[in-house]
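One structure below.
The values are calculated or read from the model by the stated rules, or taken from the named source; none is laboratory data. Owing to the predicted nature of the structure, the values given are computational and were not obtained by experimental measurement. All Cβ positions, even for glycine, are placed from backbone atoms using ideal geometry, and neighbour counts span all protein chains on display. What goes into the accessible areas is simple: the full protein's heavy atoms, side chains included, and nothing from ligands, DNA or RNA. Shrake-Rupley method; radii C 1.70, N 1.55, O 1.52, S 1.80 Å.
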Amino acid sequence: MAIIYKTMSAPIPARYQRSIVDVISATAPGRIPFSVEFMPPRNDEAEQRLWKAAEVFHDLGAAFVSVTYGAGGSSRDRTMRIAHELARHPLTTLVHLTLVGHTESELIEILCDYANAGLSNLLALRGDPPGADPLGEWQPVPGGYEYAEQLIKLTKRLDETSHFHIGIASFPEGHHRAPTLEADTEFTLAKLRAGAEFSITQMFFDVEYYLRLRDRLARDPEQGLKPIIPGIMPITSLRSVRRQLELSGAKLPAKLEERLLKAADGDESKNQEEIRKVGIEESTLMAERLIAEGAPDLHFMTLNFARATQEVLHNLGMAPAWGPELGHDAVR
């Protein structure tokens, strides 16, 4: 039965939102809990696609969904509205918040808006600098913050948000702005010590990077016990993955790149399905290894599409097959 999405008429009490750690610790319908990331849609057509994907993932038993936050707060209102509606259906919802372009007073206002809407799961992020170069120099605005750790402490200090359950980003290959891998590890541990309960990793394409991150954080016996949720982006096109690598600073293993280029055979458009097959297969292999290594959850970066994630879940024995003959109309 299709879910009908409507604007809610009253706030959701904060107590209705279970923590992310709780939901991924509960018994999952499949082999492992899974979750998905959505982006606030840019237009009505994209929003309809998001709701179709949300319906799919609700029916497949997603442990939680996350909603990203645009650079410089460009999607602030859309993030709030989409997260608010997702939380009603009921999907445990994790809202992102970045420091980019915000003063402390603006951050307080946004946090209180989240609290009033019952959105008590927060992913605290510094965020990428606005503009054309996501890897450019990062500068706080006057009266703003420079580090995600400051946002965590602010959230815990405010009476309205002290009950929030906070997550952070972690970086299997190290953050590109960290001077060393060891420094990046210490930055991550500092955020966990400040009150973060879990982390979601940046996308990666070699499971060894995830395992080494887990080893580094385990040097702190208390913080190392907190869940490290791997972020997975199934590759469906070379153009898309190149853009995501540019934004994240992550690397594509040489063998995987060779497989993708061989599948493309000099014509990415003509051989799109062959590229998809390689991407879905590689994501499935990664997921199998992560399950075997005891990852607490698989977090899929969906770009607001259901098909690729459902195909990986199907390969894992956690979802029905995808196909237009089965009534599916997603395009990737």
Just name the residue that is surrounded by the fewest Cβ atoms within 10 Å (Cβ to Cβ) out of those in the stretch 308-332 that are within 26 Å of Glu258 (Cβ to Cβ) and either at pLDDT below 95 or small (Gly, Ala, Ser) (or both). Arg332
Here is a list: Ser66, Ser19, Ser25. Which entry is of a type outside the set (A, V, I, L, M), within 30 Å of Arg289 (Cβ to Cβ) and in contact with an Asp or Glu (Cβ under 6 Å, 6 or more places away or on another chain)? Ser66
Filter pass, Arg216 being over 26 Å from Leu181 (Cα atoms), crowded, with 16+ Cβ neighbours inside 10 Å and over 19 Å from the mean Cα position of the chain (by Cα): no
Options Ile291, Ile235, Ile229: the member that is open to solvent by less than 50 Å² (accessible area, probe 1.4 Å), over 30 Å from Glu186 (Cα atoms) and not small (Gly, Ala, Ser): Ile235
Criterion (modelled with pLDDT of 95 or more and within 23 Å of Thr284 (Cβ to Cβ)) met by exactly one of Ile24, Ile20: Ile24
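Which count do you get for residues in the stretch 153-168 that are charged (D, E, K, R) and touching a Ser or Thr at 6+ places or on another chain (Cβ under 6 Å)?
1
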Which residues, counting only those in the stretch 20-33, are open to solvent by 10 Å² or more (accessible area, probe 1.4 Å) and either among the polar types (S, T, N, Q) or not in a loop (DSSP other than H, G, I, E, B) (or both)? Val21, Asp22, Val23, Ile24, Ser25, Thr27
Here are the criteria: (1) surrounded by 18 or more Cβ atoms within 10 Å (Cβ to Cβ); (2) in a helix (DSSP H, G or I); (3) of a type in the set (S, T, N, Q). Tell me which single one Asn304 does not satisfy. (2)
Enumeration of residues in the stretch 154-174 that are open to solvent by 50 Å² or more (accessible area, probe 1.4 Å) and within 16 Å of the chain's Cα centre (by Cα): His165
Looking only at the stretch 100-146, and only at residues there that are surrounded by 17 or more Cβ atoms within 10 Å (Cβ to Cβ) and of a type in the set (Phe, Trp, Tyr), the one that is farthest from the chain's Cα centre (by Cα): Tyr145
When you scan the stretch 72-87, do you find a residue that is modelled with pLDDT of 95 or more and out of contact with any Pro (no Cβ under 7 Å at 6 or more places or on another chain), even just one? no
The stretch 199-209 - residue that is closer than 18 Å to Val36 by Cβ and either open to solvent by less than 10 Å² (accessible area, probe 1.4 Å) or touching a residue at least 60 places away in the same chain (Cβ under 8 Å) (or both) and, of those, farthest from the chain's Cα centre (by Cα): Phe204
When the stretch 239-288 is checked residue by residue, the ones that are hydroxyl-bearing (Ser, Thr, Tyr) and open to solvent by 80 Å² or more (accessible area, probe 1.4 Å) are Ser269
Quick check: anything in the stretch 86-98 touching a residue at least 40 places away in the same chain (Cβ under 8 Å), open to solvent by 10 Å² or more (accessible area, probe 1.4 Å) and over 25 Å from Ala53 (Cα atoms)? no
Check on Gly127, in a helix (DSSP H, G or I) and modelled with pLDDT under 90: no
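Before we move on, is Ile200 in contact with a Gly (Cβ under 7 Å, 6 or more places away or on another chain) and within 21 Å of Asp22 (Cβ to Cβ)?
Spelling it out, Ile200 is indeed in contact with a Gly (Cβ under 7 Å, 6 or more places away or on another chain) and within 21 Å of Asp22 (Cβ to Cβ).
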Count of residues meeting criterion [buried (at least 21 other Cβ atoms within 10 Å of the Cβ) and out of contact with any His (no Cβ under 8 Å at 6 or more places or on another chain)] in the stretch 34-50: 4
Which of the residues spanning the stretch 266-281 are charged (D, E, K, R), within 16 Å of Ser240 (Cα to Cα) and not in a loop (DSSP other than H, G, I, E, B)? Glu273, Glu274, Arg276, Lys277
When you go through Ala183, Ala196 one by one, which is the residue that is farther than 30 Å from Ala87 by Cα, among the small types (Gly, Ala, Ser), at pLDDT 95 or above and open to solvent by less than 30 Å² (accessible area, probe 1.4 Å)? Ala183
Among the residues in the stretch 51-66, are any farther than 11 Å from Val36 by Cβ, part of a loop (DSSP other than H, G, I, E, B) and not small (Gly, Ala, Ser)? no
